[in-house]
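First the structure, in the form of C-alpha cells, and then the observations on it.
No value in this document is a laboratory result; all are computed from the given coordinates. Because the structure is a prediction, the values reported are computed rather than measured. As a convention, Cβ positions derive from the backbone with ideal geometry for all residues, glycine included, and neighbour counts pool all protein chains shown.
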Amino acid sequence: MIYKSVASIAPFLVRNIGSVRKMSSGRFKVFVTRSDMPKGGIDILKKECDVTVSSHPSVMPRDELLKSVAGTEAIFCSLTDKIDQELLNAAGPGLKVVGTISVGHDHIDVPECRKRGIKIGYTPDVLTDATAELTLALLLSTSRRLPEAQHEARTGGWKSWAPTWMTGPGLAGSTVGIVGFGRIGQAVARRVKAFNTNKILYFNRSERPEAQEAGAIKVSFDELLSQSDFIICCAALVPETKEIFNKAAFEKMKKTAIFINTSRGGTVDQDALIEALKNNTIRAAGLDVTTPEPLPLDNPLLNLPNCVVLPHIGSAAIETRDTMSELTAENILAGLKGSGMPAELK
Ligand code: DGY
C-alpha cells in the first residue's frame, strides 16, 4: 500500500527535485526537434535555458530523435513529431514540458503525459485568422478552379474568352456547412458571411453562442451533409471525428457539393473520397491536410482535376508562425518554472 502511494507520486517528486536543482544551476535543458523553427521562440528560450536544436531542417529520423531527447526537461516539437510512450520513456523522468508549435495535438499522447505529470503547451488563437484565411482561399480556389485555370493559361489551353469555360459555383446565395465550430470554424463562418451566402449551417457537439454573430444554425451531421453546397471540415481529430467523412457521408452530399478540409487528414476516409471524386458523387474537394503527409506523388488525389491539394499550410502566414514560435517558448518557460502557461492544454 505504502509502495503504491509512493509510486503514484514518484513523477511529482522527481519533477520537484528537478526544480530544486534548477535553483542552483539556473538553466533548464530544452530540446528543439527541428532546425527550421522560427527564430523568435528559440531566442526567448536561449536567454534562460540550455537549448539544443536538431541539426535537421525537417523531420528528425525517429532513432535520432529518441537519442536526442534523453535527459531533456522540455521538448519544443511540431505536429510532425510523434510524442508517444516510447518518446516519453526515451526522454526520461526529468521531462516536465512538451511545447508544440500547433493547435492540433493528435500527435501527442495526452493521457500518457497527464499520467506522468508532464505539462503540454500549444498554440490556440494565434493561428485562427491565418487558418481561416487559408480555408477561404482553398474554398475559392477549388470552386472557381484556380489551379486548373492557371495551368490552362500557362500551357496554351487559353484560346479565347469563352462563356462556359472554367466555370464553377459561386458562394453568393449558397448554403455553407461547417463541421466543427470551435475558434477556426467560427472564424471561417464570419468570413463566409461576407460573401452574401444564403445560409450557414454548423455541426458541433455543443451549441455555440458565437454562432449568432455569423447567423449560423446548428443542425445534425446528416442535415448539414444533405443541405450544404460547400462543406468545410474544421473539426479537431479525436476518436469521434476519425473518418466521419466516409463513403456514406459523401453519398449524403449533393452531387454538386464541394468538400474542403483544413483540419486533419484523419477525419476523412481518403479512399472513399477518391472514389467520390472519380465517380462525381460530389463535384470537387480542396484539401490542406491528407493521410499521409506528405502525400506520395502517385496518390490519385494529385491527378484528379476536381481536387486541389495543398501541403498543410493553414497557419503559414509569416507573422503567425513567428507568434506561434514565441508562444511555444513562453509555454515551455512557464511550464518549467511552474508558473501558469499562457496556453496550456488542459
Ligand atoms: C495546427 O497548428 O495544428 C495546424 O494544423 C498547423 O498549421
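Find how much the distance from ALA172 to ASP84 grows on full extension, using 0.36 nm per residue of separation minus their present alpha carbon separation; answer in nm with one decimal.
On the way: separation 88, 0.36 × 88 = 31.68 nm, distance 4.52 nm.
Going from the current span to full extension adds 27.2 nm.
About its Cα centre, the dipole of the range 102-156 is roughly 180 debye, where the only charges are +1 on Lys and Arg Cβ and -1 on Asp and Glu Cβ.
For a Förster distance of 45 Å, can you work out the FRET efficiency between the beta-carbons of LYS337 and LEU297, rounded to the nearest 0.05? Kindly include the intermediate steps, with their values, before the conclusion.
Working: r = 46 Å, r/R0 = 1.02.
After rounding to 0.05, the efficiency reads 0.45.
Distance from the alpha carbon centroid of the range 252-316 to that of the range 76-105 works out to 29 angstrom. Residue-wise HN-Hα couplings along the range 246-263, as the Karplus relation 6.51 cos²θ - 1.76 cosθ + 1.60 with θ = phi - 60° gives them from phi, are 10, 3, 4, 5, 5, 5, 7, 6, 5, 5, 9, 5, 10, 10, 10, 10, 10, 9 Hz; Gly and Pro carry x.
Of all lysines in the structure, the ones whose alpha carbon falls short of 30 Å from that of LYS254, not counting any fewer than 8 places away in one chain, are LYS193, LYS199, LYS218, LYS242, LYS278.
Evaluate the relative contact order of the chain (contact order divided by residue number), counting alpha-carbon pairs under 8 angstrom at least 6 apart; express in whole percent.
18 percent
Close amide H contacts of GLY286 (hydrogens built in the peptide plane, cut-off under 5 Å, sequence separation of 5 or more or a different chain): PHE259, ILE260, ASN261, VAL308.
Sorting THR155, THR175 by the number of Cβ atoms found within 10 Å of their own Cβ, with the fewest placed first, yields THR155, THR175. Between GLY92, ALA130, SER78, the Cα set farthest toward the positive side of the dipole of the chain (charges on each charged residue's Cβ, about the Cα centre) is that of GLY92.
Rounded to the nearest Hz, the phi-derived 3J(HN,Hα) couplings of the range 96-107 under the Karplus curve 6.51 cos²θ - 1.76 cosθ + 1.60 (θ = phi - 60°) are 10, 9, 10, x, 9, 8, 6, 8, x, 9, 6, 8, where x marks glycine and proline. Other residues within the sphere of radius under 12 Å centred on the Cβ of VAL110, judged by their own Cβ, net out at 0 (K and R +1, D and E -1).
A full extension of the chain between LYS193 and ARG62 corresponds to an added length of 42.7 nm, given 0.36 nm per residue minus the alpha carbon distance. Between ALA343 and TYR122, the built amide H atoms are under 5 Å apart, and every one of these is 5 or more places off in sequence or on another chain.
Can you list the aspartates and glutamates whose alpha carbon sits under 14 Å from that of LYS247, skipping same-chain ones fewer than 8 residues off? Result set, ordered by chain and number: ASP222, ASP269, ASP271, GLU275.
With helices defined as uninterrupted DSSP H runs, which ones in the chain have an alpha carbon span along their own long axis of at least 30 Å and mean Kyte-Doolittle hydropathy of at least 0.0?
On the way: long enough: 2-25 (32 Å, 0.44).
For the chain, where a helix must reach 30 Å along its axis and average at least 0.0, the hits are 2-25.
In what sequence do TYR202, TYR122 fall when counting other Cβ within 10 Å, fewest first? Before the final figure, lay out the partial values.
Numbers: TYR202 26, TYR122 21.
In increasing order of surrounding Cβ atoms, one gets TYR122, TYR202.
Taking a straight line from the alpha carbon of LYS346, these lysines sit under 20 Å away, with near neighbours fewer than eight places off in the same chain left out: LYS82, LYS96, LYS115, LYS119, LYS337.
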